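Beneath this line is the structure, given in structure tokens, with notes to follow.
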Amino acid sequence: MYRSVWILAALACLALAAPAWAQSRDDNWKHCVDDDPDLSIGGCTALIQSGQETTTNLAIIFTNRCIAYHNKGDNEHAMQDCDQAIRLKSDYQSAFSERGVIAYDRGDYDQSIKDLNMAIQLKPDDAIAFNNRGNAYSSKGQHDLAIDDYNQALQLKPDYATAFNNRGDEYRIIGQYDHAIADLDQAIRLRPDYPLAFSNRGLAYFDQNDDDHAIEDYSQAIALKSDYADAYYGRARAYAGKEQYDKAIADLDQAIQLDPTDAAALNSRCWYKAVTGQLQPALADCMESLRLRPGDGPTLDSRGFVNLKLKNADAAIADYDAALNADPKLVYSLYGRGLAKHLKGDKAGGDADMAAAVQAMPDIADQFAKLGVKDEVSGSYGTPILIAAGIGVLAVIGFVGYYLGRRRSPPPAAAG
């Protein structure tokens, strides 16, 4: 929780800075540093409006209210308060650190790094600031710098489970799975009740096609946090890897119930329903996913697959065209478009698409055969096109609808 680290710092500052005035002022201070953001905002606002506080105290108060607004998701007011705290006290490390976290949450990673640079300059032993800057570097794709910051955070605080989790996920992103699992193991040893670490380790196992261990970890994450939409989504993908589509769909039902705006989960459910022959419900899921995320290549591919199974050749070709326009590397779209062209009687055009797809992914005909999609020209499931496999491999594209978004611990508040 953002608040837990800050409260101790604020109370320490208060002990030094706040004289023993009226009881109502003491109550306002207690509210100002309370975990409850509404109480905190009320108490801090009363102190600001009293006109009785020193400049240093006001910097503390504005930073505390900044944190409360941030915890409520009101980043605009949070940013305004942290700005004011810095205007009042230009060397106030906690305000820079918190403002860096807010900038990160707003997706302004350059500003986040700038503020956290200042926080680290003002307090070089702040493990939290290094961890949070690592998150910002990671989001910019600067993985070496992110790992350097997580290393520094762990040097300063060797029992920092959050930094082990984040560094483990960073290693996963760059494909160093042994290091990833080792770090996530350590995060779990330090915090056995850490659902995010279990979920991230599940993702690391999933990336290595170890679906059984992935399911175990996602299940543990869900046991610890029953409303964990990402864990349901991750477990669904692992079940699908084992072709247990009913379980996959059930988990996606839970994920979407928890977050109806999750376009990736809707796309995946569209795909799995299409695989199991639930074509009209699949089409509805793809339509909703595209409403939330227009023009998304993998979802257009999924809808193309649904239309292909419905034998709507024109609609399938249009979807596959749009998918390949969005992402030319979608080999499933290329092969599916070939099948759709065959469905229309365009043998030459279909053969060309399918041959190009096999060149990029030699076993794609087998993949479509497993999905039950029959080639209307050959009368088979597309296996004759496998003669093109000898041309060579250009790329291997993973299962459509698998989104490998990185997961990060919400960064805690600044230490004061």
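Beyond 23 Å, the tail of the calculated P(r) for the range 237-361 holds 30 percent of the Cα pairs. With K and R counted +1 and D and E -1, the other residues having a Cβ less than 9 Å from that of Y150 yield a net charge of -3. Taking label positions 7 Å along the Cα-Cβ direction at both Y177 and T276, the computed distance is 2.7 nm, reported to one decimal. Sorting S302, S226, S94 from the fewest to the most surrounding beta carbons within 10 angstrom yields S226, S94, S302. When peptides 38-49, 111-122 are sorted by average Cβ neighbour count within 10 Å, with the highest value leading, the order is 111-122, 38-49.
The charge dipole of the chain, taken about its Cα centre with unit charges on the Cβ of Lys, Arg, Asp and Glu (plus for the first two, minus for the last two), comes to roughly 380 debye. Note on D108 and D253: the model spin-label points, each 7 Å out from Cα along the C-beta direction, lie 4.4 nm apart. By the helix-only formula, in which each DSSP H run with n ≥ 4 contributes -39500 (n - 2.57) and the sum is divided by residues, the chain has a 222 nm mean residue ellipticity of -22500 deg cm²/dmol. FRET efficiency for the pair L39 and K329, taken as 1/(1 + (r/R0)^6) with r the Cβ-Cβ distance and R0 = 60 Å, rounds to 0.70. By the count of neighbouring beta-carbon atoms within 10 Å, fewest first, S90, S139 end up ordered S90, S139. Quick one: grab the alpha carbon gyration tensor of the range 147-206, order the square roots of its eigenvalues as a ≥ b ≥ c, and give me rounded if a/c is under 1.5, else prolate or oblate depending on whether a/b is larger than b/c. Since a/c reaches 1.5 but b/c is at least a/b, the shape of the range 147-206 is classed as oblate.
The lysines whose alpha-carbon is closer than 28 Å to the alpha-carbon of K311, local same-chain residues fewer than 8 away aside, are K242, K247, K273, K329, K341, K344, K347, K370, K374.
Could you please rank S333, S24, S219, placing first whichever residue has the fewest other Cβ atoms within 10 Å of its Cβ?
Values: S333 31, S24 10, S219 15.
Ascending number of Cβ neighbours within 10 Å: S24, S219, S333.
Over the C-alpha trace of the chain, radius of gyration and Dmax come out as 26.2, 89 angstrom. If you plug the beta carbon distance of M287 and Q80 into 1/(1 + (r/R0)^6) with R0 = 30 Å, you get a FRET efficiency near 0.15.
With the simple model of a label 7 Å out from the Cα in the direction of the Cβ, S139 to D314 spans 4.5 nm.
For the Cα atoms of the chain, what angle does the longest principal axis make with the long axis of helix 55-71, in degrees from 0 to 90, nearest 10? The angle comes out near 30 degrees. Which of rounded, prolate, oblate describes the range 159-259, given a ≥ b ≥ c as roots of the alpha-carbon gyration tensor eigenvalues and a/c under 1.5 marking rounded, otherwise prolate only if a/b is larger than b/c? Taking the square roots of the gyration eigenvalues as a ≥ b ≥ c, the range 159-259 is oblate. Shape of the range 124-180 from the C-alpha gyration tensor: oblate (a/c of 1.5 or more and a/b not above b/c, with a ≥ b ≥ c the square roots of its eigenvalues). Give me the angle, in degrees from 0 to 90, between the Cα long axis of helix 211-224 and the longest principal axis of the Cα atoms of the chain, rounded to the nearest 10. That works out to roughly 40 degrees.
No value in this document is a laboratory result; all are computed from the given coordinates. Since the structure is predicted, the reported quantities are computational estimates derived from the model, not experimental observations. Neighbour counts run over all protein chains shown; Cβ positions are idealised from the backbone, glycine included.
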